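The values are calculated or read from the model by the stated rules, or taken from the named source; none is laboratory data. Being a predicted model, the structure only gives us computed values, none of them experimental. Calculation scope for accessible area: heavy atoms of the full protein, side chains included, ligands and nucleic acids excluded. Shrake-Rupley method; radii C 1.70, N 1.55, O 1.52, S 1.80 Å.
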Amino acid sequence: MSKKSELSALHLQIRACRQCAAAGYWIVEGAVVRGVHTAQVMTIGQAPGPTEAVVKRPFNAGSGKRLFQWLGEAGFEEGTFRATQYMTAVTKCYPGKGTGGGGDRVPSKEEQALCRPWLDQEIALVNPQLIIPIGRLAIGLFFDARLPLEQIIGRRRERDGRVIIPLPHPSGASTWHQKPANRARVKRAIRLIEKQRKRLGL
Ligand code: SF4
């Protein structure tokens, strides 16, 4: 089976997955997973929000605007990036509304564990050279989750031959972004991503 066919088969399996519903969590509508087998860059978010769950496109709502502004500063055009790279999440299904009744809640540890094998298979199959974990949950897969974002954003690390460059969650509501020192950290991360983009010839 070609890598392309293997990835299509994996996507079908992920979209058909109902493990969380079977485990008693919110009834899932089907997973959001997009990307091609030739991708060299993989973004990993937390989970689809309510908009993404409907349109089946990661980072489609407000936070996507800021994310693609950052990626644009690193030299990635949104349309090309979406068509040629890989965008996934720690959990693939919308986990339901947040405690305030809007947005989305953070997936539980059990949901994260149930979904983890899918992410591991995506990474193994696509074999991205650059992984961009976005937000605390995804960053915690690659960095010590106990560290504050201030000590992580603007850094890079390598694992299994891949470069990992984290970004904070781009939610406009976050006060983290308001602090000049944190904006400078994001700028450093963008420069690191840009450098890696050039190295990959993208
Ligand atoms: S979040 Fe992951 S494990 Fe849970 S139902 Fe969706 S695809 Fe399956």
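Cross-link partners of LYS65 among aspartates and glutamates, defined as those whose alpha carbon lies under 15 angstrom from its own and excluding same-chain residues fewer than eight positions apart: GLU52, GLU73, GLU77, GLU78.
Taking amide H atoms as placed 1.01 Å from N in the peptide plane, the amide H of ASP104 lies under 5 Å from those of GLY98, each 5 or more residues away in sequence or on another chain. Per residue, the average separation of C-alpha pairs within less than 8 Å and at least 6 apart gives the chain a relative contact order of 23 percent. For a test of the definition: using alpha carbon positions, the gyration tensor, and the 1.5 limit on a/c, classify region 86-202 as rounded, prolate or oblate. Taking the square roots of the gyration eigenvalues as a ≥ b ≥ c, region 86-202 is oblate. Under the shape rule built on the C-alpha gyration tensor, where the axes satisfy a ≥ b ≥ c, the chain is oblate, since a/c reaches at least 1.5 while a/b does not exceed b/c. Each residue of region 84-96 was assigned a 3J(HN,Hα) from its phi angle through the Karplus expression (A = 6.51, B = -1.76, C = 1.60, θ = phi - 60°), giving 10, 10, 10, 10, 9, 8, 4, 10, 8, 10, 4, x, x Hz with x at Gly and Pro. For the chain, the share of accessible area belonging to carbon and sulfur comes to 53 percent (1.4 Å probe, ligands and nucleic acids excluded).
In region 4-157, what percentage of the DSSP-assigned beta bridges are antiparallel, given to the nearest 5?
20 percent
Computed from phi, the 3J(HN,Hα) profile of region 15-26 under the Karplus parametrisation 6.51, -1.76, 1.60 (θ = phi - 60°) reads 5, 8, 5, 10, 4, 5, 4, 5, 8, x, 8, 3 Hz, with x in place of Gly and Pro. Overall, the anisotropy analysis places region 3-109 in the oblate class: the square-rooted eigenvalues a ≥ b ≥ c of its C-alpha gyration tensor yield a/c not less than 1.5, with a/b not exceeding b/c.
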